[in-house]
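The values are calculated or read from the model by the stated rules, or taken from the named source; none is laboratory data. Note that the coordinates shown come from a computational prediction; the quantities given were computed from them, not determined experimentally. Note: ideal-geometry Cβ built from the backbone for every residue, glycine included; neighbour counts use all protein chains shown.
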Amino acid sequence: MTSFSDSLPSADPSNSVTLPKEAYFDQDFFDLEKREMWFKTWHYAGWVGELKNVGDYITASLFEQDVIIIRGNDGQLAGFYNVCQHRGHKLLSGSGSVASMRCPYHSWVYDLNGRLTHARGSETTLSVDVDKIRLREISVDVVADLFVFFNLDPEAQPLDPQLTDFIDDLESEVPDLRRMELTTRPGNSDPDTESFLDVAYPVNANWKIVMENFLECYHCRGAHPDVKDLFALDDLTLRGHPLWTKQKSSVTGLEGGKQLFYTLFPNMTLSFVTGGLPYVTIFEFAVPDGPTKTTFGHGGYYCLPDDMMGETLPQDYVQVGREDKDLCESAQRGMFSLGYDQGRFMYDPTHSEITEEGSHAFSRFIMKYVGL
Ligand code: FES
Ligand SMILES: [Fe+2]
């Protein structure tokens, strides 16, 4: 790896440097992150309501890794790499329900436990022991009885018990959380109007720069002149925890309303406004496409069954998205500068708009996984 600074973020957010600049562009560091962090942490796959019955499945992916999550005959969820053990074809696509998993290529058939049950020609190819071939497993867990997550590490510690404080906090803000269902968020009815995704992605910056920008509002007052039309900065609070963060503030023009942004490390955000019908959006906010390019990923819009028309549309963040993209791309260029090594985290013990403790907690999470 490129020479790496000895100076790394400390445990104390009030006295800590940021990650060294190489962490934001170095290919070796990126590969290390992929192997040790992305492939050993939990990632959102979908809604548990799509997996009610035996044989129901959803699919997801992480980089080039495709996975299946399926309800087995024993009623439990199981997860497998979505790859046939014959010649590597993808087994299932999208979501649906199956009695068994049949490969579209040469029709090998696996049961819901991932065991190969039929391979045409195995009667004449005695060296192929059908009974010994099975799909490779991954870990699966459900958070708050709602969100299905997977982890490529088959030995991963279950996620839900690690997030007790997060789930309690989320439910205190959204008491109806467990009654919510995944729905299709209504599209933009005017095709000429730019959406947040149109203007904000892709970002020519390392995925951590995009996350760290989301994880603090220290920049909001100066860099987003119109943010006051969306939410208040004066009563904003931001808290960092080892696995998650929470930003909360009142909403402009909505009496009693609160704007909430949660982050689940490494890259999931959950956001919503309270005051109207409850809803939660969950998204992969920053998906790496190489060391210095980031896209938006998979997610979902959850609301109560009686709000399936999506009356609780989130606010318009198009302008903020445009500004954040520019901020991130400029900061990325700075990482290459001979005039910069690494930065400092700003901190406020009252957890006001100033504090960068969310970005700090995120950096410590990365360090833990990559072994720094
Ligand atoms: S690749 Fe699946 S049966 Fe051949
Ligand atoms: Fe911003």
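Yes or no: segment 79-87 includes at least one residue that is surrounded by fewer than 17 Cβ atoms within 10 Å (Cβ to Cβ) and either assigned to a strand (DSSP E or B) or within 16 Å of ligand 2 (Cβ to nearest atom) (or both). Checking segment 79-87: not a single residue is surrounded by fewer than 17 Cβ atoms within 10 Å (Cβ to Cβ) and either assigned to a strand (DSSP E or B) or within 16 Å of ligand 2 (Cβ to nearest atom) (or both). Scanning segment 106-159 for residues that are more than 16 Å from ligand 1 (Cβ to nearest atom), at pLDDT below 95 and in contact with a helix residue (DSSP H, G or I) (Cβ under 6 Å, 6 or more places away or on another chain) turns up nothing. Among residues of segment 155-174 being assigned to a loop (DSSP other than H, G, I, E, B) and without any contact (Cβ under 8 Å) to a residue 24 or more places away in the chain, the one that is surrounded by the most Cβ atoms within 10 Å (Cβ to Cβ) is P158.
For every residue, the table says whether it meets (1) in contact with a Ser or Thr (Cβ under 8 Å, 6 or more places away or on another chain); (2) loosely packed, with under 15 Cβ neighbours inside 10 Å.
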position: P9; (1), (2): yes, no
position: F39; (1), (2): no, no
position: K52; (1), (2): no, yes
position: E64; (1), (2): no, yes
position: I70; (1), (2): no, no
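Can you confirm whether segment 197-220 contains a residue that is assigned to a loop (DSSP other than H, G, I, E, B), crowded, with 20+ Cβ neighbours inside 10 Å and of a type in the set (D, E)? Checked segment 197-220: at least one residue is assigned to a loop (DSSP other than H, G, I, E, B), crowded, with 20+ Cβ neighbours inside 10 Å and of a type in the set (D, E). Please determine whether any residue of segment 87-94 is more than 16 Å from ligand 1 (Cβ to nearest atom) and aliphatic (A, V, I, L, M). Looking for residues that are more than 16 Å from ligand 1 (Cβ to nearest atom) and aliphatic (A, V, I, L, M), one finds none in segment 87-94, hence no.
Annotation note: Cβ proximity below 9 Å between a residue of segment 67-91 that is on the phi > 0 side of the Ramachandran plot and a residue that is away from ligand 1 (no atom under 16 Å from the Cβ) (sequence gap 6+ or interchain) occurs for G75/V54.
For beta carbons closer than 6 Å, sequence separation of 6+ or different chains, a first residue in segment 227-252 that is modelled with pLDDT of 95 or more and a second that is of a type in the set (V, I, T) and assigned to a loop (DSSP other than H, G, I, E, B), the qualifying pairs are L238/T355.
Per-residue answers, yes or no, for (1) basic (K, R); (2) more than 16 Å from ligand 2 (Cβ to nearest atom):
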site: G275; (1), (2): no, yes
site: P278; (1), (2): no, yes
site: F283; (1), (2): no, no
site: G290; (1), (2): no, yes
site: A331; (1), (2): no, no
site: M335; (1), (2): no, yes
site: E356; (1), (2): no, no
site: K368; (1), (2): yes, yes
site: G371; (1), (2): no, yes
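Looking at this structure, is D306 free of Cβ contacts under 8 Å to residues at least 60 places away in the same chain, in the same structural domain as G257 (by TED's automatic domain parsing), loosely packed, with under 15 Cβ neighbours inside 10 Å and out of contact with any Leu (no Cβ under 7 Å at 6 or more places or on another chain)? Yes; evaluated as a whole, the condition is true for this residue.
If only residues of segment 314-372 that are surrounded by fewer than 21 Cβ atoms within 10 Å (Cβ to Cβ) and polar (S, T, N, Q) are counted, the one that is nearest to T18 (Cα to Cα) is Q342.
Being away from ligand 2 (no atom under 16 Å from the Cβ) and in contact with a His (Cβ under 7 Å, 6 or more places away or on another chain) is a condition met by no residue of segment 298-319. Per the listing G253, G300, G257, G275, the residue uniquely touching a strand residue (DSSP E or B) at 6+ places or on another chain (Cβ under 8 Å) and on the phi > 0 side of the Ramachandran plot is G275. Looking at segment 98-154, the strands (runs of 3 or more DSSP E) lying wholly inside it that each contain 3 or more residues that are touching a residue at least 40 places away in the same chain (Cβ under 8 Å), surrounded by 15 or more Cβ atoms within 10 Å (Cβ to Cβ) and under 30 Å from the mean Cα position of the chain (by Cα) sit at 137-143, 147-151.
Does L338 satisfy the condition of being assigned by TED's automatic domain parsing to the domain that holds I209, part of a loop (DSSP other than H, G, I, E, B) and in contact with a Cys (Cβ under 9 Å, 6 or more places away or on another chain)? No.
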